[in-house]
Amino acid sequence: STFLRATFDAAGAAAFAVIRLAGFQYKVVPGAMLTTHTLKGKEVGDTFEVDDVLLAGTATRTLVGRPTLAADEAVVTAVVESHAHAPKVIVFKKKRRKGYRRWKGHRQAVTTVRITEIAVAAAPDAAAESN
């Protein structure tokens, strides 16, 4: 299968995709920065391909997965930018007039990811013309 490896198709339309990463769905374009729950086993600077591509396309062509697209239809490549903690969330419990107060804080571990490339399979007629 022939891929349009650029971030734009032949008509100049930007590529986009809907991916599932760490249990959440994101609409992404090349260059997008995502902050998601920690990706275990990924180090800063690691490049990886997202397995769960739910939808991908351009302004002229869209591929919809049932439920996901195969690897020969669309590939989303990303790089890990950083590992950090999200801002603190305060959990405060109180029962009035009883002297009961509990104060706890929590910081979720997060990973920042940059989408580097979205490769969408070329349309069958476009592949025939390029040969």
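The values are calculated or read from the model by the stated rules, or taken from the named source; none is laboratory data. Just so it is clear, the model here is predicted, and its values are computed rather than measured. With ideal geometry, Cβ positions are generated from the backbone for all residues, glycine too; neighbour counts draw on all protein chains shown. What goes into the accessible areas is simple: the full protein's heavy atoms, side chains included, and nothing from ligands, DNA or RNA. Shrake-Rupley method; radii C 1.70, N 1.55, O 1.52, S 1.80 Å.
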Packing-ranked peptide list from 86-94, 103-111, 26-34, highest mean Cβ count within 10 angstrom first, is 26-34, 103-111, 86-94
Could you give the nm distance between label points at residue 66 and residue 40, where each point is 7 Å from its Cα heading toward the beta carbon?
3.4 nm
What spacing in nm lies between the two simple spin-label points modelled at residue 100 and residue 82, each 7 Å away from Cα in the Cβ direction?
4.1 nm
How many nm separate the modelled label positions at residue 20 and residue 92, each set 7 Å beyond the Cα in the direction of the Cβ?
3.8 nm
Accessible area expressed per residue, the range 55-131, with surrounding protein chains retained (probe 1.4 Å, Å²):
68 Å²
Would you please name the GluC sites (Glu not before Pro) within the range 39-123 that are DSSP coil residues with at most 11 other C-beta atoms within 10 Å of their C-beta?
43
Local net charge near residue 22, Cβ-Cβ under 14 Å (Lys/Arg +1, Asp/Glu -1)
+1
Accessible area, probe 1.4 Å, largest first, for residues 61, 102, 66:
66, 102, 61
Give, as a single signed number, the net charge of other residues whose beta carbon lies under 11 Å from the beta carbon of residue 113, with Lys and Arg counted +1 and Asp and Glu -1.
0
